[in-house]
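**Q** Below is one structure. I have some questions about it.
The values are calculated or read from the model by the stated rules, or taken from the named source; none is laboratory data. Just so you know, these numbers come straight off a predicted model, no measurement behind them. Cβ coordinates were reconstructed from backbone atoms using ideal geometry, including for glycine residues, and neighbour counts include every protein chain displayed.
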Amino acid sequence: MTQVAITVNGKATSRDVPDTTLLSDYLREDLRLTGTHVGCDTSQCGACVVLIDGKAVKACTALAVSLDGSKVTTVEGLANGALHPMQAAFKEHHGLQCGFCTPGMIMSGIDMINRYKAEGRTLDEAAIRHELEGNICRCTGYHNIVKAIGDAAAKM
Amino acid sequence: MHPTKYHKPSSVSDAVAALAGADDGKLLAGGQTLLPTMKQHLAAPSDLVDVRSIDGMSEITVGNGTVTVGAATTHAEVAASAEVRQHIPGLASLAGGIGDPAVRHMGTIGGSLANNDPAADYPAAVLGLGASVITSKREIAADDFFDGMFTTALEDDEIITAVRFPVPEASAYAKFDNPASRYAMAGVFVSRGASGVRVAVTGAGDDGVMRHDGLEAALSSSFTADACDGVEVSADGLLSDIHASAAYRANLVKQMAKTAVAAAG
Amino acid sequence: MSDGIGARVQRVEDKRFLTGKGKYTDDIRMENQAYAAFVRSPHGSARVRGIDASAAMAMEGVVGVLTGPEMKEDGIGDIITGWSITSKDGSPMQCGVWNPMVTELARYVGDAVAIVVADTQDLARIAAEAVVVDYEILPAAVNLVDALKDGAHQVHGNVPGNLIFDWEVGDEAAADEGLAKATHVTELDIVNNRLSPNAIEPRSAVAIFNEAEDHYTLYSTSQNPHVARLVLSAFYNVAPEHKLRVIAPDVGGGFGSKIYIYPEEIACLWASMKLNRSVKWTAMRTESFMTDAHARDHVTKARMGFDADGKITGFKIDTIANIGAYVSLFATATPTYLYGTLATGTYAIPGVYCNVKAVHTNTAPVDAYRGAGRPEATYLIERMIEVSARQLGMDPAELRRKNFIREFPYQTPVLLQYDSGDFDACLTKAQALADVAGFPARKAEAAARGKLRGLGYSTFIEACGLAPSAAAGSLGSAVGLWESAEVRVNPVGTIEILTGCHSHGQGHATTFCQLAAEKFGVPIENVKLVHGDTDTSQFGMGTYGSRSGPVGMSAVLKALEKVEAKVKKIVAHQLEASEEDIVIENGEASVAGTDKKMAWHEIGLAAYIAHNLPEGMEPGLKETSFFDPVNFSFPSGCFICEVEVDPDTGKTDIIQFVSADDFGVIINPMIVEGQVHGGVTQGIGQALTERVVYDESGQLVTGSYMDYTMPRADDVPSYKVTHSSTPSPTNPLGVKGCGEAGAIGSPPAVINAITDAIGTDDLQMPATPEAVWTALQAAKMPMAAE
């Protein structure tokens, strides 16, 4: 067991955890923030994507002990009274059906917009589709997810 | 996952000591391959030695006609680096195409090279540029580093600290993704520089990354996409699996070589 | 009313999903939770000679290891199939026994041998590896065609030749006659590739045994919790129904794969009682690939005859369908009554005959997955018609038009009676949207860039709205496929709709409530859907087969009508008016031609206060209904796909995909379009990327996303979706169902487009870059001289 301290959604958290604890387990089991989902074992589905120090990372492929001192943002940490523009765009454009991949899609969407804005690049449809390479959705056919992210990019 | 003990040394010597003190220690650099492997019980190291907090392991420096990338530099950092983009654009674009955006935020060059997955991208850049792998013990030339799939010249207690790339006159990487894993089904890195033309192929060979003599010879005479057309890319020694036959991979090697040369200009 | 039928109402269920507050099965954790892992056969075919769990049991934190023989001893039943098929010679089907956990023979990779329960998830998985199983490896029958050959390994001793049934539908003599008089016969060999459904939420179960109450609760990733309870109770003997509560909370996609009651749920419930601990199991994706029911997997030879005018004269189909190691719940209905009965497609064909041989193999059970049988039929017919048009030198759209069915109802020669449709309208609308007229110019432009453009059609029909109970029963179904509803108007006037359907992405919480908004003009915020828990909603059959709209919503409508009738009586009585003069709109009931009215909450209150009700009327405002459709519904449509192939690599880009669907009446276009997008993408996945591969020994080669290619965002285009509506006469709403059309109709459109581009029809799914490149190389080879 090792003590880790991670700031999650702006709140300091600290737990004694086994060294094998994945960030996804830390969030889901230790903090009971179950919005971060796990859909595969090979780091491909992207349902678990969170932001670590502002960057999208697959929470199922990071050890909690290695993130001592980090700041993590999960899907639970986005809405601030009102929905985050990305969440609102997913609702408006019907960018979710079963909701299971949605947290990862939202976090990846925010990450790509942040990066493209920082680099002054245009996030067009082709770019959004390419940037979603690490997120799999089985319900929506991506059509409305792509629309939602494009719309949020204009509003964020 | 099987239990493991996590170490976070702040120096190379501490890391070496931690490895030496472990029954079955493994280095953790980005974990994007190692952690899934552990989750599936395909690896169960007694200790994990995280190299990411070691001073200087994540730096990119330029000088003397080289670009040196610290072993713990992430793919995203290499892809976004102004220095790398300026001096070795082929390397930056290769790094920007590894895995997916989230994987690129964690995966590192050192981790990729030490693992030497036969379909990984970085080995093609290291071999295709004739880079040197700098370790805790020595400097290993690319041609001596890769030793067949998942095997390198690294010793058990040896740690990659950086990779030094000579700045070429031109370079580019083109890959055809495995449709499922998005690893390279055939990836070709071409470079033209002081030591001539180098062509490295990943994802296709049945023994890991390799140079391609035929393409190197042809491109040495004429560094043009058309020059690749006359080259016979043999299917012998290429991988054959459910995704691609050796013959198809041979075709892809040629096509990717043409694409890369065209991109390198 | 803005929230009623046809309104593009945003989903009321979205907020919890968007904010990470959804509650999926794996999110549930009981006090002192124990975790399960399964010991699974690593062999496709093996005899279990012994199980040594001593090392696992010795691990600190391991609660128990339980095996198949113990389960059998405890009287836990074998897994059932829900549909019996009669072979063409009149004999009943033969199928092997499915023990939830292996008692003697392991018959596919992943077959459960033991359940290991421990204090933590990691420990359960580690301990499962420490269970030593002594396997005698046996020969395996893996390939479906080879499994029928002499000398093939017998998967089950009681199923000679691995042949489960040899079924037929249609008139063989008429088909032969049609083919005999044809001036052209098209012959085609079709492989319908084996798929894995891949809901992104892995299957999961939390089983809770309450010793004091002798009661079980199961949280389960189920599309039909009531059916799960029925089966667990009546056939698996876990507990009587009133001692078993099944809850399907938020479920992360199903596509058919979560209809079935799998060994894991049974084992977790049983283990929770044996060990007196709450037991939770969540599949790793690798386990999903091994054990979630697979799909499709047909090999077919077919012949279609045409007269000189291009009219179809006869169609004859021979199909082998892989059922896998065990016969899963709908496994036998899928390649028969959901396949052969659609063999006419949208065409008037005088002679049709379809023969299906179903076969056991040492592979995972194969069952219904989005479309179920209808994608296989549609792929066959729509490839056949496109290839025929090429061979006849006709325009593929015109050949279709020449043969379209145009009068409804239409009795097909293969049992079904199509209720409605206008196939020309869909085709015309799709052609306009796809700018088919401009295709030659686009093709030429692509050719100038060295790329190959192609365009492909699919004009499909499907049978949805499963199903008329009596018809299903006459065809071998063990259950009726009606649906139930209850509508409760609360004393404050808010409304709760209870359904036996289950929403796992379909947006029922929105669309079902739109029905009440339509009927009463109440705002949708005042309506709530209750579903997914056997303790809170009445028995119902669940969600699959595009049935929630035509069947489930129709039940809701009937219950709403009963409420409406009672409301009119109450209001007429209270306002001293005639019932016939009561008008309900905008959330109030008024007397026509007067200013007398009652607001909705006043009506609710009046019903429950009950001080002034009509003579003899019971208090309260709550009505129940069961709806059993008189026929299937028949959604149809036209898809047009345009692709560009890179001849150097064989890579296909889908440039454009157009859909013109006839779903009858549409409740919420936003949700319906979303269903089309998702279904089409799954169909594109089947056409371009997806396939389950086993090697000769029965090892699963495609056991993770590293090897099974899921369609990603950059594999598909943005879609152009339009509709052309003929309301279904078989249900009071006129809806047809929209969940499966995309997956049913799209694979042939994609393959027809690719084969158009590359100039050869010698191509099977999935059309991976390698497959397309290889087909191109073969087409380039000079033909060998005779």
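**Q** Could you list all residues from region B:1-44 that are part of a loop (DSSP other than H, G, I, E, B) and within 23 Å of A:Gln44 (Cα to Cα)? If you could, list the steps in order and put the result at the bottom.
**A** Applying the first criterion (part of a loop (DSSP other than H, G, I, E, B)) to region B:1-44 yields B:1-4, B:8-11, B:21-24, B:29-33, B:40-44.
Hits for region B:1-44 are B:Met1, B:His2, B:Ala29, B:Gly30, B:Gly31, B:Gln32, B:Thr33, B:Gln40, B:His41, B:Leu42, B:Ala43, B:Ala44.
**Q** Another question, then. Out of the residues in region A:1-22 that are part of a loop (DSSP other than H, G, I, E, B) and surrounded by fewer than 22 Cβ atoms within 10 Å (Cβ to Cβ), state the one that is farthest from the chain's Cα centre (by Cα).
**A** Residues of region A:1-22 that are part of a loop (DSSP other than H, G, I, E, B), as a first pass: A:1, A:9-10, A:18-21.
Those left that are additionally surrounded by fewer than 22 Cβ atoms within 10 Å (Cβ to Cβ): A:1, A:9-10, A:18-20.
Working: A:Met1: 27, A:Asn9: 12, A:Gly10: 15, A:Pro18: 24, A:Asp19: 23, A:Thr20: 21 Å.
By that ranking, first place goes to A:Met1.
**Q** Name the residues in region C:520-568 that are hydroxyl-bearing (Ser, Thr, Tyr), part of a loop (DSSP other than H, G, I, E, B) and closer than 24 Å to C:Lys736 by Cβ, would you? It would help to see each step written out before you state the result.
**A** Filtering region C:520-568 for residues hydroxyl-bearing (Ser, Thr, Tyr) gives C:534, C:536-537, C:543-544, C:546, C:548, C:554.
Next, from what is left, pick out any that are part of a loop (DSSP other than H, G, I, E, B): C:534, C:536-537, C:543-544, C:546.
C:Thr543, C:Tyr544, C:Ser546, listed by residue number.
**Q** I need the full set of residues from region C:297-346 which are among the small types (Gly, Ala, Ser) and not in a loop (DSSP other than H, G, I, E, B), in order please. Working first, answer last.
**A** Quick first cut of region C:297-346, residues among the small types (Gly, Ala, Ser) only: C:302, C:305, C:308, C:310, C:314, C:321, C:324-325, C:328, C:331, C:333, C:340, C:343, C:345.
Of everything in region C:297-346, those that are among the small types (Gly, Ala, Ser) and not in a loop (DSSP other than H, G, I, E, B) turn out to be C:Ala302, C:Gly305, C:Gly314, C:Ala321, C:Gly324, C:Gly340.
**Q** So, in region C:690-716, of the ones that are surrounded by fewer than 24 Cβ atoms within 10 Å (Cβ to Cβ) and over 22 Å from C:Ala283 (Cβ atoms), which residue ends up nearest to the other protein chains (Cβ to nearest Cβ)?
**A** Result: C:Asp714.
**Q** Determine which member of the set C:Met59, C:Met93, C:Met101 is in contact with a helix residue (DSSP H, G or I) (Cβ under 8 Å, 6 or more places away or on another chain) and closer than 25 Å to C:Asn362 by Cβ. Can you show your working first?
**A** Details: C:Met59 fails: closer than 25 Å to C:Asn362 by Cβ; C:Met93 fails: in contact with a helix residue (DSSP H, G or I) (Cβ under 8 Å, 6 or more places away or on another chain).
Testing whether each residue is in contact with a helix residue (DSSP H, G or I) (Cβ under 8 Å, 6 or more places away or on another chain) and closer than 25 Å to C:Asn362 by Cβ leaves just C:Met101.
**Q** Residues to consider are A:Leu23, A:Leu83, A:Leu67; find the one that is farther than 23 Å from C:Gln33 by Cβ, in contact with a Leu (Cβ under 7 Å, 6 or more places away or on another chain) and more than 7 Å from every other protein chain (Cβ to nearest Cβ).
**A** Values: A:Leu23 fails: farther than 23 Å from C:Gln33 by Cβ; A:Leu83 fails: more than 7 Å from every other protein chain (Cβ to nearest Cβ).
Step by step, each of A:Leu23, A:Leu83, A:Leu67 is checked, and only A:Leu67 is farther than 23 Å from C:Gln33 by Cβ, in contact with a Leu (Cβ under 7 Å, 6 or more places away or on another chain) and more than 7 Å from every other protein chain (Cβ to nearest Cβ).
**Q** I would also like to ask the following. Give the residue, chosen from A:Asn144, A:Asn135, that is buried (at least 24 other Cβ atoms within 10 Å of the Cβ), within 27 Å of C:Val672 (Cα to Cα) and within 14 Å of chain B (Cβ to nearest Cβ).
**A** Values: A:Asn144 fails: within 14 Å of chain B (Cβ to nearest Cβ).
Just a single option satisfies the conditions, and that option is A:Asn135.
**Q** Among the residues of region C:728-786, which ones are surrounded by fewer than 24 Cβ atoms within 10 Å (Cβ to Cβ), among the charged types (D, E, K, R) and assigned to a loop (DSSP other than H, G, I, E, B)?
**A** Correct list: C:Asp761, C:Asp762, C:Glu786.
**Q** Does C:Val479 meet the test of being surrounded by 18 or more Cβ atoms within 10 Å (Cβ to Cβ) and not in a helix (DSSP H, G or I)? Walk me through it before giving the result.
**A** Numbers: surrounded by 18 or more Cβ atoms within 10 Å (Cβ to Cβ): no; not in a helix (DSSP H, G or I): yes.
No: the conditions fail for C:Val479.
Results for (1) in contact with a strand residue (DSSP E or B) (Cβ under 6 Å, 6 or more places away or on another chain); (2) in contact (Cβ under 8 Å) with a residue 40 or more places away in the chain, shown as yes or no for each residue.
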residue: B:Ala15; (1), (2): yes, yes
residue: B:Ala22; (1), (2): yes, no
residue: B:Gly30; (1), (2): yes, yes
residue: B:Met38; (1), (2): no, no
residue: B:Pro45; (1), (2): yes, yes
residue: B:Leu48; (1), (2): yes, yes
residue: B:Asp55; (1), (2): no, yes
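**Q** State all residues of region C:229-253 that are of a type in the set (Gly, Ala, Ser) and either touching a Pro at 6+ places or on another chain (Cβ under 8 Å) or surrounded by fewer than 24 Cβ atoms within 10 Å (Cβ to Cβ) (or both); if no residue qualifies, say none. Talk me through it step by step, then tell me what you get.
**A** Looking only at region C:229-253, we keep the residues that are of a type in the set (Gly, Ala, Ser), and these are C:233-234, C:239, C:248, C:252-253.
Listed by number, the residues that qualify are C:Ser233, C:Ala234, C:Ala239, C:Ala248.
**Q** Looking at B:Thr61, B:Thr108 in this structure, which one is on the phi < 0 side of the Ramachandran plot and surrounded by fewer than 24 Cβ atoms within 10 Å (Cβ to Cβ)? Quick ask: steps written out before the conclusion?
**A** On the way: B:Thr108 fails: surrounded by fewer than 24 Cβ atoms within 10 Å (Cβ to Cβ).
When all the criteria are applied, what remains is B:Thr61.
**Q** Which is touching a Lys or Arg at 6+ places or on another chain (Cβ under 9 Å) and either away from chain B (no Cβ under 11 Å) or closer than 20 Å to B:Asp100 by Cβ (or both), of A:His94, A:His130?
**A** Working: A:His130 fails: touching a Lys or Arg at 6+ places or on another chain (Cβ under 9 Å).
None of the others qualify; the one that does is A:His94.
**Q** I'd like to check which helices (runs of 4 or more DSSP H) are fully inside region C:194-296 and have at least 1 residues that are within 14 Å of another protein chain (Cβ to nearest Cβ) and within 22 Å of the chain's Cα centre (by Cα). Walk me through it before giving the result.
**A** On the way: elements: C:225-234, C:263-275, C:285-291.
Output list reads C:285-291.
**Q** Then there is this: Could you list, in sequence order, all residues of region B:251-265 that are surrounded by fewer than 20 Cβ atoms within 10 Å (Cβ to Cβ) and modelled with pLDDT of 95 or more? Give the steps one after another, and end with the answer.
**A** Initial filter on region B:251-265 (surrounded by fewer than 20 Cβ atoms within 10 Å (Cβ to Cβ)): B:262-263, B:265.
Result: B:Ala262, B:Ala263.
**Q** When region C:15-47 is examined, which residues are found to be facing another protein chain (nearest Cβ under 7 Å), in a helix (DSSP H, G or I) and buried (at least 24 other Cβ atoms within 10 Å of the Cβ)?
**A** Answer for region C:15-47, where residues must be facing another protein chain (nearest Cβ under 7 Å), in a helix (DSSP H, G or I) and buried (at least 24 other Cβ atoms within 10 Å of the Cβ): C:Phe17, C:Leu18.
**Q** Regarding A:Ser108, is this residue more than 7 Å from chain C (Cβ to nearest Cβ) and part of a helix (DSSP H, G or I)?
**A** On the way: more than 7 Å from chain C (Cβ to nearest Cβ): yes; part of a helix (DSSP H, G or I): yes.
Yes.
**Q** Yes or no: region C:525-534 includes at least one residue that is of a type outside the set (D, E, K, R), within 14 Å of chain A (Cβ to nearest Cβ), closer than 30 Å to C:Thr334 by Cβ and buried (at least 24 other Cβ atoms within 10 Å of the Cβ).
**A** Taking region C:525-534 and keeping what is of a type outside the set (D, E, K, R), we get C:526-527, C:529-532, C:534.
The next check asks that each one be within 14 Å of chain A (Cβ to nearest Cβ); those that pass are C:532.
Filter once more, keeping what is closer than 30 Å to C:Thr334 by Cβ: C:532.
Add one more test, that the residue is buried (at least 24 other Cβ atoms within 10 Å of the Cβ), and what stays is C:532.
Yes - at least one qualifying residue is present in region C:525-534.
**Q** Sticking with this structure for a sec: Which of the residues that make up region B:118-175 are over 12 Å from the mean Cα position of the chain (by Cα) and β-branched (Val, Ile, Thr)?
**A** Hits for region B:118-175 are B:Ile134, B:Thr135, B:Ile140, B:Thr151, B:Ile159, B:Ile160, B:Thr161, B:Val167.
Rundown of residues vs (1) more than 29 Å from the chain's Cα centre (by Cα); (2) surrounded by fewer than 16 Cβ atoms within 10 Å (Cβ to Cβ); (3) not in a strand (DSSP E or B), yes/no style:
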site	(1), (2), (3)
C:Val102	no, no, yes
C:Val109	no, no, yes
C:Leu123	yes, no, yes
C:Ala128	yes, no, yes
C:Val133	yes, no, no
C:Val155	no, no, yes
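**Q** Kindly indicate whether any position in region C:139-152 is surrounded by fewer than 21 Cβ atoms within 10 Å (Cβ to Cβ), assigned to a helix (DSSP H, G or I) and in contact (Cβ under 8 Å) with a residue 60 or more places away in the chain. Explain how you work it out, then say what you get.
**A** Going residue by residue through region C:139-152, those that are surrounded by fewer than 21 Cβ atoms within 10 Å (Cβ to Cβ) are C:139, C:143, C:145-146, C:148-152.
Narrowing the set further to residues that are assigned to a helix (DSSP H, G or I) leaves C:146, C:148.
From the residues that got through so far, the ones that are in contact (Cβ under 8 Å) with a residue 60 or more places away in the chain too are C:148.
Yes, region C:139-152 has at least one match.
**Q** Which of the residues that make up region A:32-61 are within 7 Å of chain C (Cβ to nearest Cβ) and either over 18 Å from A:Thr73 (Cβ atoms) or charged (D, E, K, R) (or both)?
**A** A:Gly39, A:Cys40, A:Asp41, A:Thr42, A:Gln44, A:Cys45 - these are the residues of region A:32-61 that are within 7 Å of chain C (Cβ to nearest Cβ) and either over 18 Å from A:Thr73 (Cβ atoms) or charged (D, E, K, R) (or both).
Each row is one residue, and each column tells you yes or no for (1) at positive phi; (2) surrounded by 23 or more Cβ atoms within 10 Å (Cβ to Cβ); (3) within 14 Å of chain C (Cβ to nearest Cβ).
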{"position": "B:Ala174", "(1), (2), (3)": "no, yes, yes"}
{"position": "B:Val199", "(1), (2), (3)": "no, yes, no"}
{"position": "B:Asp213", "(1), (2), (3)": "no, no, no"}
{"position": "B:Ser220", "(1), (2), (3)": "no, no, no"}
{"position": "B:Cys228", "(1), (2), (3)": "no, yes, yes"}
{"position": "B:Ala235", "(1), (2), (3)": "no, no, yes"}
{"position": "B:Leu239", "(1), (2), (3)": "no, no, yes"}
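**Q** Restricting to region C:1-14, what's the tally of residues that are of a type in the set (Asp, Glu) and either facing chain A (nearest Cβ under 9 Å) or touching a Phe, Trp or Tyr at 6+ places or on another chain (Cβ under 8 Å) (or both)? Steps first, answer last, please.
**A** Kept after step one, since they are of a type in the set (Asp, Glu), are these residues of region C:1-14: C:3, C:13-14.
Within this subset, residues satisfying the condition of being either facing chain A (nearest Cβ under 9 Å) or touching a Phe, Trp or Tyr at 6+ places or on another chain (Cβ under 8 Å) (or both) are C:13-14.
Of the residues in that region, 2 qualify.
**Q** Scanning for something surrounded by 24 or more Cβ atoms within 10 Å (Cβ to Cβ), hydrophobic (A, V, I, L, M, F, W, C) and touching a residue at least 24 places away in the same chain (Cβ under 8 Å), does region C:535-552 turn up at least one residue?
**A** For region C:535-552, residues surrounded by 24 or more Cβ atoms within 10 Å (Cβ to Cβ), hydrophobic (A, V, I, L, M, F, W, C) and touching a residue at least 24 places away in the same chain (Cβ under 8 Å): present.
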